[in-house]
Structures are given as structure tokens and as C-alpha cells.
Amino acid sequence: MKIKAVLFDLDGTLLDTIDDITESMNQVLAASGLPQHSRETFMYFVGDGEQKLVERALPEGMKDEANIEKYLHEYRTIYGENCTVKTRPFDGIPELIQEIKKKNLLLTVLSNKNDPLVLKTVETFFNPSDFALIWGKKPEFPKKPDPASAIAQAKELGLETSEFLYIGDSEIDMETAKKAGMVAMGVTWGFRPESVLREYSADYIIHTPREALAVLQ
């Protein structure tokens with residue numbers, strides 16, 4: 001079936017957000033005298049939403065519900081103020097968006113990041129009118145890799161899920177795409193290695209944004 005829409009993950013796919021995430025969470029940890037983590041470590045902490053990020057960043061023995069809630073609140077405050085400081089689109093992404101638009105395909109964003117932050121970052125770095133839907137984590141849907149939100153995007157646009165190309169950088173994205181019945185494209189410039197994308201059965205793996213266009217002919 002011909003592709004009629006392209007769904008993008010946000011962090012690690014459209015935007016390189018890892019420095020702002022790393023510095024914000026490390027600031028929270030440092031304020032309490034807790035061990036901090038490297039940029040590379042945070043690449044594996046992200047993907048499952050902010051609560052999981054905070055839980056993974058906390059030391060063993062501090063991962064109880066009360067601590068997670070406390071540090072999650074602190075992280076949201078600091079990251080909310082600093083989420084666009086060092087964040088930038090990956091090279092070639094703005095051009096890819098424009099090329100997809102020329103093909104009269106619909107574009108959407110679907111992220112496990114808090115919904116207001118998704119809107120803020122997309123509005124900062126892109127023209128939000130380029131996207132038919134921009135969704136972060138919404139209370140009515142479980143987070144990815146549950147496919148409910150991806151399926152809901154297709155329904156909202158009046159399309160079959162099989163008419164979507166889902167582009168993401170992690171196992172969470174590949175699993176979501178597969179469960180939703182979308183074509184799964186993994187990108188190697190994000191926060192997971194190519195081996196993870198292959199393990200989770202990506203239909204396509206690309207190394208530069210422009211390579212996505214070959215699938216959209």
C-alpha cells in the first residue's frame with residue numbers, strides 16, 4: 001500500500017535533545033549530592049518518558065515512588081526552562097521535512113515526552129503548521145511502545161496504519177510501529193545503535209535523513 005503519512009519520533013529522530021536532558025537531570029542530582037551520569041548513559045535512559053528517565057538516573061535504594069515523584073518535579077522544572085538551550089535538529093532534518101511536504105504526504109510527531117514540552121520544542125525548531133498532528137504523552141493513551149497513540153493518529157487522519165511510515169531511533173519506536181501495523185524505519189543518528197534497530201525488526205534502516213526519500217517514491 002502506498003505511504004500517505006510519515007510519523008516521526010521526536011528525541012533522537014528529529015531533534016538532538018540529549019545535552020539539555022543530561023545537563024538538566026545532572027543539575028537535579030548534583031543539588032542533592034547524588035552521582036551524575038554521562039551523556040552516553042543518558043542516551044539509554046531516555047525513550048520511555050520522563051518518569052522512567054528519573055527512575056533510571058536515581059541511585060539504587062532511592063527508586064521508590066516518593067523519591068521518583070520528588071525528583072521528577074525538580075527535573076520537569078529545570079528541563080522545562082532549558083529544553084531548547086543546546087537542542088538542535090539533526091543535520092538534514094529540516095530539508096527532509098520540506099521534501100516530504102512536496103510529495104503531499106501528511107507529517108505527524110509522536111513522542112513519550114510530556115505533551116507541552118513536545119509542542120514547545122517543535123514550535124521552537126520547526127514550523128508547527130508543517131505537521132498535521134503533534135502529540136506528546138497524553139493521559140488518554142499509554143506510552144509507547146503501546147501502539148494505541150499511533151493507531152489513534154491514523155484514525156484521526158482517516159488513514160490505515162499500513163499507510164504510515166514510522167521513523168524513529170529506538171527499540172521503542174520499532175516495537176510501536178510493528179504493533180500498530182506501520183512501516184518501521186530506524187535511524188542510526190539517534191540514541192541507539194544500529195544493532196538494536198535490527199534486533200527489533202526495522203523494515204528499513206537509514207543513516208542520513210535523505211535516505212528516507214527512497215522509500216517514499
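Please treat every number below as a calculation from the coordinates, not as lab data. Nothing here was measured: the structure is a model prediction, and the numbers come from that model. Using ideal geometry, Cβ is built from the backbone for each residue, glycine included, and neighbour counts are taken over all protein chains shown.
Please compare each pair in LYS4/LYS52; LYS101/LYS137; LYS70/LYS144; LYS2/LYS52 to a cut-off of 29 Å on the Cα-Cα distance and tell me which ones are over it.
Cα-Cα > 29 Å for LYS4/LYS52; LYS2/LYS52; rest within.
Could you grab the relative contact order for the stretch 82-217? Cα pairs under 8 Å, six or more apart, rounded to a whole percent.
19 percent
Measure nothing but the geometry: give the 0 to 90° angle between the long axis through the Cα atoms of 93-102 and the longest principal axis through the Cα atoms of the chain, rounded to 10°.
Result, in degrees: 30.
Could you let me know the centre-to-centre spacing of the stretch 84-159 and the stretch 1-70, using Cα atoms, in angstrom?
Cα centroid of the stretch 84-159 versus Cα centroid of the stretch 1-70: 19 Å apart.
With the dipole of the chain worked out from charges on the C-beta (+1 for Lys and Arg, -1 for Asp and Glu) around the Cα centre, which of LEU157, PRO193, MET62 lies farthest toward the positive end?
Projecting each Cα onto the dipole axis, the largest value belongs to LEU157.
Pick from LEU157, LEU53, LEU107: which residue has the top mean-square fluctuation in a GNM of the chain where Cα pairs under 10 Å get a spring?
Comparing LEU157, LEU53, LEU107 in the GNM, the peak value goes to LEU157.
At what distance in nm do the modelled label points of ARG198 and ASP115 sit from each other, each positioned 7 Å from its Cα along Cα→Cβ?
Placing both labels 7 Å along Cα→Cβ, they lie 3.9 nm apart.
Under a point-charge model restricted to the Cβ atoms of Lys and Arg (+1) and Asp and Glu (-1), what is the dipole moment magnitude of the stretch 1-117 relative to its Cα centre, in debye to the nearest 20?
Roughly 640 debye for the stretch 1-117.
Once you have the Cα-Cα distance between LYS103 and GLU140, take 0.36 nm times their residue separation minus that, and quote the gain in nm to one decimal.
Length difference between fully extended and current span is 10.1 nm.
If I model a spin label as a point 7 Å beyond the Cα along the Cα-Cβ vector, how far apart are those points for ALA132 and ASP19 in nm?
About 3.5 nm, to one decimal.
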